[in-house]
Amino acid sequence: MATPRSETEITAAAEQTQQAVTRYATAWLAGDRPALFACYHQDFTLHYFGHNPLAGVHRGKTASLAILAEVTRRTNRQLLAIVDILAGPQRGALLVRERFHRNGRTAEVERLLTYAVRDGLLSECWVYDQDQALIDEFLA
């Protein structure tokens, strides 16, 4: 059984999550790749859902960033907006709007990126897409 945390510990954990997710969002909006990459923990794990060649659990910063780079290559994705930033003591999240473009086809999608934070860095991400079938078509 987990030891209950004090109100102070819960607040501190939520603040750490908020800082990590906000730092990431700020770097992404600015297009600052070095700052963006610095937000990931070395042991980062990416959970990419769907029925496409990139779906699966990708362990390690290098493997995860390679998948994210391939998503960008295949979709020419562009961040349009950070709709919201959410943070609690155990998870943080970004609700984002992105534009995908491939083979003359364009789509705008909302995506929910849920994060775990460790040592002040993003340690795990689960990607939830508004329209998974559409994303699968773009990534096929």
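The values are calculated or read from the model by the stated rules, or taken from the named source; none is laboratory data. Owing to the predicted nature of the structure, the values given are computational and were not obtained by experimental measurement. Please note: Cβ atoms are built from the backbone with ideal geometry, for glycine as well, and neighbour counts cover all protein chains shown. Each accessible area value is taken on the protein alone, full model and side chains, heavy atoms only, with ligands, DNA and RNA left out. Shrake-Rupley method; radii C 1.70, N 1.55, O 1.52, S 1.80 Å.
Summary of computed values
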| read-out | value |
| --- | --- |
| Scope the stretch 45-66; condition farther than 20 Å from GLN78 by Cβ, touching an Asp or Glu at 6+ places or on another chain (Cβ under 7 Å) and either polar (S, T, N, Q) or part of a strand (DSSP E or B) (or both); matching residues | THR45 |
| Number of the condition not met by ARG111 [criteria: (1) in contact with an Asp or Glu (Cβ under 9 Å, 6 or more places away or on another chain); (2) open to solvent by 50 Å² or more (accessible area, probe 1.4 Å); (3) within 30 Å of ILE10 (Cβ to Cβ)] | (2) |
| Residue list for the stretch 1-44, filter: under 16 Å from TRP126 (Cβ atoms) and in a strand (DSSP E or B) | TYR40, HIS41, ASP43, PHE44 |
| Pair list, Cβ under 9 Å, 6 or more apart: the stretch 81-104 residue more than 14 Å from LEU134 (Cα to Cα), other residue open to solvent by less than 20 Å² (accessible area, probe 1.4 Å) and charged (D, E, K, R) | ALA81/GLU98; LEU94/ARG111; LEU95/ARG111; VAL96/ARG111; ARG97/ARG111 |
| Matching entry among ALA13, ALA66 (being more than 15 Å from the chain's Cα centre (by Cα) and either at pLDDT 95 or above or farther than 17 Å from ASP129 by Cα (or both)) | ALA13 |
| Residues that are over 13 Å from the mean Cα position of the chain (by Cα), closer than 21 Å to GLU124 by Cα and part of a loop (DSSP other than H, G, I, E, B), drawn from the stretch 78-109 | GLY88, PRO89, GLN90 |
| Residue pairs meeting the criteria (Cβ under 9 Å; at least 6 apart or on separate chains; first at positive phi, in the stretch 16-44; second open to solvent by less than 80 Å² (accessible area, probe 1.4 Å)) | GLY31/LEU79 |
| GLU124 vs. criteria open to solvent by 30 Å² or more (accessible area, probe 1.4 Å), of a type outside the set (Ser, Thr, Tyr) and part of a strand (DSSP E or B) | yes |
